[in-house]
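A.B. asks: Okay, here's the structure, questions in a sec.
The values are calculated or read from the model by the stated rules, or taken from the named source; none is laboratory data. None of the values given here were measured: they were computed from a predicted structure. Quick reminder, even Gly has a Cβ in these numbers, built from the backbone with ideal geometry, and neighbours come from all protein chains shown. Just the protein is used for accessible areas: all its heavy atoms, side chains included, with ligands, DNA and RNA removed. Shrake-Rupley method; radii C 1.70, N 1.55, O 1.52, S 1.80 Å.
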Amino acid sequence: MPLANYPYQFQPRKVRSEFFRLLPISFFVVAFGAAFGLAAVQVGLSPFESLIMSSVVFAGASQFAALDMWGTQVSVLPLLAVVFAINSRHLLMGASLYPMLKDVSPGKRYALLLLLTDANWAVAAQEYQSGRRNLEVIVGGGLVLWLAWIIGTALGVYFGGLLQNPKALGLDMVLGCFLLAMALGGKKSPRVLVAWLVAGFASLAAWKWLPSNMHVVVGALAGGAVGFFWLDKTGKSAVNREGEADHGD
Amino acid sequence: MAIETTPAGIFGLIALMALVTLVTRFGGVFLMSFVPISPRIESFINTMASSVLIAIIVPMAVGGDLGALAALLATAVTMLALRKPLPAISAGLVAAASVRYLG
């Protein structure tokens, strides 16, 4: 009986192919990791401490924000509040995977969430919209992104920034462009477009007028509210239709 | 409360940051395990998921420089035309780099 409760079958081969699928984007993650490593030693972290932080926190934007607050002393509550605010998007990202994760045993479920980050989540969420269940990308893709983040940090702390000016090459836009490509590659319907409009305006309003770092959660919840009140009338959920749909990569 | 950035203090701070981040990674799934998945909740989850992406990108476009805007526009156009992420992202980077080089 316990077996029947968790029907999601992990395919080890797919975990490996998802690892290689996110390898290209991981090269860019190495560049950001190097930028973080350099910034970390500049505020006084040792190479080892920087590497530990990248390994166990594994959330770039919040790590950069932490460096901004670093000194001979660090105020704990403000630091943790900022880290929580920036990373609170994970709450929603994880929740959005729950329809798949409930089919995985709790041990595996929380183990794979250790590797949850923007890029691998965006792939899983987009495929789910198209009716494909892909938790393997969280594991395989998460692993390659995690390794890239650590390798990048190591390069940064030992060799300095790899590139004089990553911004000149547009590298600061990699994640934004990747997430946009994922959004546009997903299912689009009038309902989704209205949700995006609401999410866009809500996030902008929050970004302008609310305390910083709240705009992602505010915008996402506003967009979700559209879905809550406007149900897809076609009835059947996309969830159980396996296969087909365009495959992008 | 403040922690001195001695080696022990730094490891304490890193551990706390890791713990808070872990709470965000686990928390959403944990809370959802108490919510029955009705069609309405599923609809909420699905529109919320892609709205996360929009809520990250829109302030990035509005708050960024011309290069950022060019990158996102080029990615959008290429993605809608070709439906392949890698060419779309590459177009975005080329657009950002070109605009910044010229600007």
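A.B. asks: Given B:M1, B:A96, B:M79, which one lies farthest toward the positive end of the charge dipole of chain B, if we put +1 on the Cβ of every Lys and Arg and -1 on the Cβ of every Asp and Glu?
C.D. replies: It is B:M79, whose Cα lies furthest towards the positive end.
A.B. asks: Still on this structure, please answer the following. Under 15 Å from the Cβ of A:A148, count the other residues' Cβ atoms, weight Lys and Arg +1, Asp and Glu -1, and hand me the total. Don't skip to the answer; put the middle values down first.
C.D. replies: Working: positive: A:R21; negative: A:E18, A:D118.
Taking every other residue near A:A148 into account, the sum is -1.
A.B. asks: While we're looking at this one, here's another question. Compute the acute angle (0 to 90°) between the alpha-carbon long axis of helix B:85-102 and the principal axis of greatest extent of the alpha-carbon atoms of chain B; round to the nearest 10°.
C.D. replies: Relative to chain B, helix B:85-102 is tipped by roughly 70 degrees.
A.B. asks: Filter A:K108/A:K167; A:K108/A:K187; A:K108/A:K208; A:K208/B:K84; A:K14/A:K167 down to the pairs with a C-alpha to C-alpha distance above 31 Å, please. Please list the in-between numbers first.
C.D. replies: Values: A:K108/A:K167 38 Å; A:K108/A:K187 28 Å; A:K108/A:K208 39 Å; A:K208/B:K84 33 Å; A:K14/A:K167 34 Å.
Going by Cα-Cα distance, A:K108/A:K167; A:K108/A:K208; A:K208/B:K84; A:K14/A:K167 fall outside the 31 Å limit.
A.B. asks: With unit charges on the beta carbon (Lys/Arg positive, Asp/Glu negative), name the residue among A:Y128, A:T117, A:P106 whose Cα is farthest towards the positive pole of the charge dipole of the range A:98-146.
C.D. replies: It is A:P106.
A.B. asks: Given +1 on the Cβ of Lys and Arg, -1 on the Cβ of Asp and Glu, and no further charges, what dipole in debye does chain A carry about its Cα centre, rounded to the nearest 20? Numbers along the way, then the final one.
C.D. replies: Working: 18 positive and 13 negative charges, 128 e Å.
Dipole about the Cα centre, nearest 20: 620 debye.
A.B. asks: Helix A:76-87 versus the longest principal axis of chain A: what is the Cα-based angle in degrees, 0 to 90, to the nearest 10?
C.D. replies: The answer is roughly 40 degrees.
A.B. asks: Also, quick follow-up: Taking 1 over the mean of 1/r across every pair of different Cα atoms in the protein assembly as shown, what Kirkwood radius in Å do you get? Write out the running numbers ahead of the final one.
C.D. replies: On the way: mean 1/r = 0.0485 Å⁻¹.
Evaluated over the protein assembly as shown, this radius sits at 20.6 Å.
A.B. asks: Can you give me the solvent accessible area of B:S50 with a 1.4 Å probe, rounded to the nearest 10 Å²?
C.D. replies: Rounded to the nearest 10, that gives 20 Å².
A.B. asks: Could you derive backbone 3J(HN,Hα) for the range B:11-22 from the dihedral phi with the Karplus parameters 6.51, -1.76 and 1.60 (θ = phi - 60°), listing whole Hz in sequence and x where the residue is Gly or Pro?
C.D. replies: These are the phi-based 3J(HN,Hα) values: 5, x, 5, 5, 4, 5, 4, 5, 5, 4, 5, 5 Hz.
A.B. asks: If contacts are Cα pairs under 8 angstrom and at least 6 residues apart, what is the relative contact order of chain A in percent?
C.D. replies: 30
A.B. asks: Using a 1.4 Å probe on the protein heavy atoms, what percent of the accessible area of chain A belongs to carbon and sulfur?
C.D. replies: 68
A.B. asks: Could you work out the helix-only [θ] at 222 nm for the protein assembly as shown, with each DSSP H run of four or more residues adding -39,500 (n - 2.57) and the total divided by the number of residues, to the nearest 500 deg cm²/dmol? Please list the in-between numbers first.
C.D. replies: On the way: 17 runs with 256 residues, N = 352.
Estimated from H runs of four or more residues: -24000 deg cm²/dmol.
A.B. asks: Something else now. Between helix B:39-63 and chain B, what is the angle of the helix's C-alpha long axis to the longest principal axis, kept within 0 to 90° and rounded to the nearest 10?
C.D. replies: Tilt relative to chain B: about 60 degrees.
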